Structure formats: C-alpha cells, structure tokens
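Student: The following block contains the structure, expressed as structure tokens.
The values are calculated or read from the model by the stated rules, or taken from the named source; none is laboratory data. Bear in mind the structure is a predicted one, so any value in this text is a computation, not a measurement. Using ideal geometry, Cβ is built from the backbone for each residue, glycine included, and neighbour counts are taken over all protein chains shown.
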Amino acid sequence: MKVYRQYLKGCPQSKDSLLQGENIAKQQRLAFWSQANPVMPWDFRHRATQKTTSQPIQPQQQNNCDPSYPDFCIPKNSPDLDCRDITQRRFKVLSPDPHGFDRDGDGIGCER
C-alpha cells in the first residue's frame, strides 16, 4: 500500500488509518514494499512515458523476425536475450515468448 499524501487532505477521517496501513505494509515488506528498490508509482509512470516517446518501435519488416514480438524485429533463433540486451520497452509479446521478456504474462514485454 502506498499512500498518495497529496490527496490526504480530502479524506480527514481516514488519513490516520491510511498512513498506519502504509507503515505496516512497509515494515512487513508487503506488496509494493516487497521490492528491493521500490519505484514510486508517479516515477514509474513518468519513466514509462519517457521511454515510449523517446524510443519508437518499428514494426517487423523482415521474414526472419520472431513472430512472438510483432512490434519490432528480433531474428528467429537468436541467442537468449534479456531486457537489458535490447532498447525496446513495453512492447507486445505473443506466445511462446522464447526470450521470456513478458515475465508476468500480461502480453507486455520489458515493463521494468
């Protein structure tokens, strides 16, 4: 649980319980706080917007491209790649996803 403090003034009756819930989640390293280096939601959205606008994805234009990644070309049978090996972020992934770019199975690769 992450409390957006800028909105607390609009809910004075629940302010204390929300902050207490955030502290408990943080202390017990639950959900959002279980990450080693949690990125605040507003920072994550800002970075995702920058990445998608600064790095346009070109659609596949070659027959040797892996069909699991229709938004850009990764050659078929290429060595195993990780997100750190490519510049694209937040792109469409179809099964079977041989490189494992879509770790959470939502159809979007390299989200982090």
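Student: Condition first: assigned to a strand (DSSP E or B) and of a type in the set (S, T, N, Q). Now tell me which residues in the stretch 70-101 satisfy that. Talk me through it step by step, then tell me what you get.
Tutor: Filtering the stretch 70-101 for residues assigned to a strand (DSSP E or B) gives 75, 91-92.
Within the stretch 70-101, no residue meets the criteria.
Student: Of all residues in the stretch 72-112, how many are farther than 21 Å from Phe44 by Cα, surrounded by 15 or more Cβ atoms within 10 Å (Cβ to Cβ) and within 17 Å of the chain's Cα centre (by Cα)?
Tutor: The qualifying residues number 2.
Student: State whether one or more residues within the stretch 23-40 are more than 28 Å from Arg112 (Cβ to Cβ) and either surrounded by 10 or more Cβ atoms within 10 Å (Cβ to Cβ) or touching a Ser or Thr at 6+ places or on another chain (Cβ under 7 Å) (or both). Spell out the reasoning first.
Tutor: So the first thing to find is which residues in the stretch 23-40 are more than 28 Å from Arg112 (Cβ to Cβ), and the list is none.
No, that holds for no residue.
Student: Given the conditions (1) in contact with a helix residue (DSSP H, G or I) (Cβ under 9 Å, 6 or more places away or on another chain); (2) modelled with pLDDT under 85, report the number of the one that Lys26 does not fulfil.
Tutor: Failing condition for Lys26: (2).
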